[in-house]
Structures are given as structure tokens and as C-alpha cells.
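Remarks on the structure that follows.
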Amino acid sequence: MPTSLAYLIFGMVMLLFAPVIGSGRPLECLPEGIKPDTIITSEQSRSAGSRTIRRNVTVSQLLTKLRARCKKGKLVDGKSREIYFYRLVGCWGNPPANYQELLEKQRSELTRLKRKYTVIEISCNQVGDPCKIS
């Protein structure tokens, strides 16, 4: 009886702590400055009653959708392609004089990065409403 109790306790401990010690957990490999609740974008949709509903998409939700995991200390998607987070520019009240250059540089960087990585673009418009951009 004491042996089976020990196995039971060991099994319960493993169930409780296995997610913490598992190497495949994607949130353990997030780069600095990116948190699970970081908003990637805000989607707007209409409900049946013609009400506008705003839904935030977080890093955690998107990583689940991509079937992300840690692999050798790097965050990879379900196809074992490394994930790269890129913060977009372009939410200006009054754009700077060189805004076209900045947007072109961003476009070329994204094109280059997408050849090698699965790129998650973090919108500068976190609220989904251009009137509320600070």
C-alpha cells in the first residue's frame, strides 16, 4: 500500500509541474519586451444587432493559432519556422517629414524577414480606432 501511495503522489506532482518543466511551452521563449497579453491587433466586427464589437488579438492567442513551441531555445511555429516579432510604425497624428522613407524601409525589412521567419506584425494601432491613437 505505501508503494502505490508513493506512485500516486509522484504522478500527481508530475501532472502539476509537467507544464512548467516542459521545453515546448512557447511563452518561455518570448523575446524581451513581448508579453503573452501584448496586443497584436484589434479586430472590429458587427454583431447580428448591428453593434460594433472590438476584439483584441493577443500574442498568446496568435501563438496558439500558429501551434508555436520552444525548440532549442527559439520560438517556432507548427512548421518549425522561427517566429519573429516586428513592431510596425505608421500611427502618426502628424506624420514626420520622412514618413514615406520610414514606411518604405519597414516594407523592405518585412519582405526580407518573411523569407526566413514567420513574422508577427505588432500594430502600432492597439485600439483599432484611428481617432484614439496617441
Please specify each residue of segment 80-91 satisfying the condition of being touching a residue at least 24 places away in the same chain (Cβ under 8 Å) and either over 12 Å from Pro26 (Cα atoms) or assigned to a loop (DSSP other than H, G, I, E, B) (or both).
-> Arg81, Tyr84, Phe85, Tyr86, Arg87, Leu88, Val89, Gly90, Cys91
Find all pairs meeting these conditions: Cβ atoms under 9 angstrom apart; at least six residues apart or on different chains; first residue within segment 43-72 and over 30 Å from Cys29 (Cα atoms); second residue among the hydrophobic types (A, V, I, L, M, F, W, C) and in a strand (DSSP E or B).
-> Ser45/Ile53; Arg46/Ile53; Ser47/Ile53
Please work out which residue is modelled with the lowest pLDDT, limiting yourself to segment 19-61 and to residues that are of a type in the set (A, V, I, L, M, F, W, C) and closer than 13 Å to Leu75 by Cβ.
-> Leu27
Residue tally, condition in a loop (DSSP other than H, G, I, E, B) and open to solvent by 100 Å² or more (accessible area, probe 1.4 Å), over segment 31-57 | 5
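The values are calculated or read from the model by the stated rules, or taken from the named source; none is laboratory data. Everything quoted here is computed from the prediction, not taken from an experiment. With ideal geometry, Cβ positions are generated from the backbone for all residues, glycine too; neighbour counts draw on all protein chains shown. Only protein heavy atoms, including side chains, enter the accessible area calculation; ligands, DNA and RNA are left aside. Shrake-Rupley method; radii C 1.70, N 1.55, O 1.52, S 1.80 Å.
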